[in-house]
Amino acid sequence: MLYEYGLKTERQNFYNITGRVADALAESGIRDGAVLVFCPHTTAGITINENADPDVVRDMLLGLDKAYPDRAEFRHMEGNSHAHLKASAVGSSQYVIVANGKLVLGTWQGIYFCEFDGPRNRKFYVKVL
C-alpha cells in the first residue's frame, strides 16, 4: 500500500514524521514486513536519528552547513547547490522493519523529513511492504 503525505516546510529544518509513518502502517493492517519512506525532491531527504533532544537536529543542521556551505563559485542558477549536496549526503529514503504491527525503531529514534531549501510545499511517500 502506498500513502502520500503533504508537508509545508520552512527554509531549512528537520520535521519528525514518525507519527505519520506509524499512521500509514496502522491503516495498512500489515503486522510484519517493512515500510519504505521516500522523498521525491532533490533538495530534501529522509533520515532516522534521535528524537529526544531537539539540539540534535540543530547540531546536525549546523554540521551539514559546515560540510556543505553555500559557495559563490557554484554555478547552478537557482542558487541552491548546497541544498542538493546535503540531500545527496542524507539520502532520499529509509527502510524501517515492521514487527507485530509496530515500527522497529530504537528508543530514541525518529524518522525525519529533512528540508535543505524551502520554504516549500513538499510531499513524501510511505510504502508498506
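Here, each number is a calculation from the coordinates, and none is a lab measurement. Here the structure is a predicted model, which means the values were calculated and not measured. A quick note on method: Cβ atoms are made from the backbone with ideal geometry, for glycine too, and the neighbour counts reach across all protein chains shown.
Here are the numbers:
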item	result
Where labels lie 7 Å past Cα in the beta-carbon direction, separation of Asp55 and Phe74 in nm	2.9 nm
Under DSSP loop assignment and at most 12 Cβ neighbours within 10 Å, longest GluC sites (Glu not before Pro)-free interval of the chain	11-72
Per-residue [θ]222 nm for the chain (sum of -39500 (n - 2.57) over DSSP H runs n ≥ 4, rounded to 500)	-8500 deg cm²/dmol
For Ala24, net neighbour charge (Lys/Arg +1, Asp/Glu -1) across residues whose Cβ lies under 15 Å away	+2
Mean separation of Cα contacts under 8 Å (6+ apart) over length of the chain, as relative contact order %	56 percent
Sum of side-chain charges, Ala99 neighbourhood, beta-carbon under 14 Å (Lys, Arg +1; Asp, Glu -1)	+1
Sparse-neighbour loop sites [trypsin sites (Lys or Arg not before Pro); segment 14-85; at most 13 other C-beta within 10 Å; DSSP]	Arg31, Arg71, Arg75
The chain: proportion of alpha-carbon pairs further apart than 25 angstrom, %	26 percent
Exposure proxy order (Cβ contacts within 10 Å, fewest to most) of Ile30, Ile46, Ile97	Ile97, Ile30, Ile46
Alpha carbon centroid spacing (whole Å) that separates segment 85-113 from segment 38-77	16 Å
Packing-based exposure ordering (other Cβ within 10 Å, fewest first) of Met77, Met1	Met77, Met1
